[in-house]
Amino acid sequence: MQPLNRQETDLILDLYYNQKKTFRDVQKITRKSPRDIRNVLNKVEPERSSLSPSSQAYTMFIENKTP
């Protein structure tokens, strides 16, 4: 297995964050494994990778942010 190059990483980030594609759509478009995609996303926002959805919601509530 080859590591992802910069273009592939940028494409994953663009699809997921800017174009608001679902994880599954990103998988289909890039033809990458879920593990590879999750690794890229975890490098961008490492704090989100360690929190459960309920913990994320609680953190947002404490910070007075809307879901």
Residues satisfying the stated conditions in region 40-67, i.e. at pLDDT 85 or above and among the β-branched types (Val, Ile, Thr): 40, 62
Report whether or not residue 37 is modelled with pLDDT of 80 or more and under 10 Å from the mean Cα position of the chain (by Cα). yes
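Are any residues in region 19-41 open to solvent by 70 Å² or more (accessible area, probe 1.4 Å) and either part of a helix (DSSP H, G or I) or touching a residue at least 24 places away in the same chain (Cβ under 8 Å) (or both), and if so, which ones? Reasoning before the result, please.
Initial filter on region 19-41 (open to solvent by 70 Å² or more (accessible area, probe 1.4 Å)): 19-22, 24, 28-29, 31, 35, 38-39.
Within region 19-41, 24, 28, 29, 35, 38, 39 meet the criteria.
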Pairs under 9 Å by beta carbon, first residue free of Cβ contacts under 8 Å to residues at least 24 places away in the same chain and closer than 11 Å to residue 29 by Cα in region 6-18, partner open to solvent by 50 Å² or more (accessible area, probe 1.4 Å) and not aromatic (Phe, Trp, Tyr), six or more apart or different chains? 11/29; 15/21; 15/25; 15/29
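The values are calculated or read from the model by the stated rules, or taken from the named source; none is laboratory data. From a predicted model like this one, the values you see are computed outputs, not experimental measurements. Positions of Cβ are generated from backbone atoms using ideal geometry, with glycine treated the same way; all protein chains shown enter the neighbour counts. In case anyone asks, the SASA skips ligands and DNA or RNA and just uses the protein heavy atoms, side chains included. Shrake-Rupley method; radii C 1.70, N 1.55, O 1.52, S 1.80 Å.
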